[in-house]
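Down below is the structure, laid out as structure tokens.
Throughout, read-outs are computed from the coordinates displayed, never taken from laboratory work. These numbers come from a predicted model, not from an experiment. Cβ placement follows ideal geometry from the backbone for every residue including glycine, while neighbour counts extend to all protein chains displayed.
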Protein chains: 2
Amino acid sequence: MSKTTATFYRAGCPVCLDAESAVNRYLDQTKVALEVVHLGTAKQRLLEAEKAGVKSVPALVIGNQTLHLNFGAPLSALK
Amino acid sequence: MSKTTATFYRAGCPVCLDAESAVNRYLDQTKVALEVVHLGTAKQRLLEAEKAGVKSVPALVIGNQTLHLNFGAPLSALK
């Protein structure tokens, strides 16, 4: 079975770090290939995140779903 | 290793159902013992959810973290 691609978008906020630690710890990495993207530094990935429906960080795009995990910062603050 | 307890709080909203499907599919259930609580029907669990910091559903309380997954409905709408 091929893995589902997941992208966790974050910035430097504490809320992002907490969510990242939960995602790293509890996501089933036998099913999911996880990439972590820091949108504060990798600004070239902002458009892709927006297209996936990401409105704020932290957010996890997994399969065809976009899940905002609590609220750290709006995407507009990272542009 | 004992499993981490996780509680997924939901109501009947479509956002809740989408988040529940992701949680069921991708949470590592070798590490996590997951309970799903429908706060629309199990109103006796509202206080416990509030104490864990749940402000809206869907939300996942996992270990000592409370993660709101997108926004379906405020807890106040379920009382």
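Here are some notes:
- Selection within the range A:52-79 - of a type outside the set (A, V, I, L, M, F, W, C) and surrounded by 18 or more Cβ atoms within 10 Å (Cβ to Cβ): A:Ser56, A:Pro58, A:Gln65, A:Thr66, A:His68, A:Asn70, A:Gly72
- Cross-chain or 6+ apart pairs with Cβ under 7 Å, the range B:63-74 first and more than 10 Å from chain A (Cβ to nearest Cβ), then surrounded by fewer than 21 Cβ atoms within 10 Å (Cβ to Cβ) and β-branched (Val, Ile, Thr): B:Gly72/B:Val15
- Residue that is within 12 Å of another protein chain (Cβ to nearest Cβ) and surrounded by 19 or more Cβ atoms within 10 Å (Cβ to Cβ), where the choices are B:Ala49, B:Ala11, B:Ala33, B:Ala6: B:Ala6
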